1. Could you please report the charge total around Leu63, scoring K, R as +1 and D, E as -1 over all other residues with beta-carbon less than 13 angstrom from its beta-carbon?
2. Find how much the distance from Ile61 to Lys37 grows on full extension, using 0.36 nm per residue of separation minus their present alpha carbon separation; answer in nm with one decimal.
3. Taking square-rooted eigenvalues a ≥ b ≥ c of the alpha carbon gyration tensor, is the range 4-107 rounded, prolate or oblate, where a/c under 1.5 means rounded and, failing that, a/b exceeding b/c means prolate?
4. Determine ³J(HN,Hα), in whole Hz, for all residues of the range 64-80 in sequence, where each value follows from phi through the Karplus function 6.51 cos²θ - 1.76 cosθ + 1.60 and θ = phi - 60°; x replaces Gly and Pro.
5. Given a cut-off of 28 Å, name the pairs among Lys30/Lys90; Lys33/Lys89; Lys37/Lys89 whose C-alpha atoms lie farther apart than that in the structure shown.
6. Please work out how much length the chain gains when fully extended from Arg68 to Asp92, using 0.36 nm per residue of separation minus the C-alpha to C-alpha distance, in nm with one decimal.
7. For Trp10 and Trp51, what is the calculated FRET efficiency with R₀ set at 41 Å and r taken between the beta-carbons, to the nearest 0.05?
8. Using per-residue counts of other Cβ atoms within 10 Å, averaged over each peptide, order 49-58, 13-22, 84-93 from highest down.
Amino acid sequence: MTFLPNHLKWSAATVCELYKARWQIEVFFKQIKQTLKLGDFLGHSANGVRWQVWTALLVYILLRFISRLSQWTHSFIRLYAIVRTSLWKKMDLLGYLPQLCEQAYFAGF
């Protein structure tokens, strides 16, 4: 086994950057598991679990894309909750999210 701090040829800055990137990966998996409820699988077959993981990744990518387009400044969990509650309503979500950001800014959130 090779551990990052044991690479004596690498600079301390390189090791720190790698740990920083690793932390972002951990945050990504935490968001998927907690927000998108990926911790509990509905099926136990390999194919069923695979479909749930791919679906969760697709939802995550779409939510990040929506947050980028709408310039969403709040948390990922809040965006997920808004999209989840507005799924069955016919509305312009990309037009609605900037209004929410503006309202939250003036309300002091």
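1. Net charge in that neighbourhood comes out at +4.
2. Numbers: separation 24, 0.36 × 24 = 8.64 nm, distance 1.53 nm.
Extra length available between Ile61 and Lys37 comes to 7.1 nm.
3. Taking the square roots of the gyration eigenvalues as a ≥ b ≥ c, the range 4-107 is oblate.
4. With coefficients 6.51, -1.76 and 1.60, one gets 5, 5, 4, 5, 5, 5, 8, 6, 5, 10, 9, 6, 5, 5, 5, 4, 4 Hz.
5. Details: Lys30/Lys90 31 Å; Lys33/Lys89 26 Å; Lys37/Lys89 23 Å.
Violating the 28 Å limit, Cα to Cα: Lys30/Lys90.
6. Extra length from Arg68 to Asp92 when fully extended: 7.1 nm.
7. Efficiency, rounded to the nearest 0.05: 0.55.
8. Working: 49-58: 13.2, 13-22: 11.1, 84-93: 9.1.
The most tightly packed comes first, giving 49-58, 13-22, 84-93.
Where a number appears in this text, it was derived from the coordinates with a stated rule and is not lab data. The shown structure was predicted, so the numbers you read here are calculated from the model rather than taken from an experiment. We place every Cβ from the backbone using ideal geometry, glycine too, and count neighbours over all the protein chains shown.
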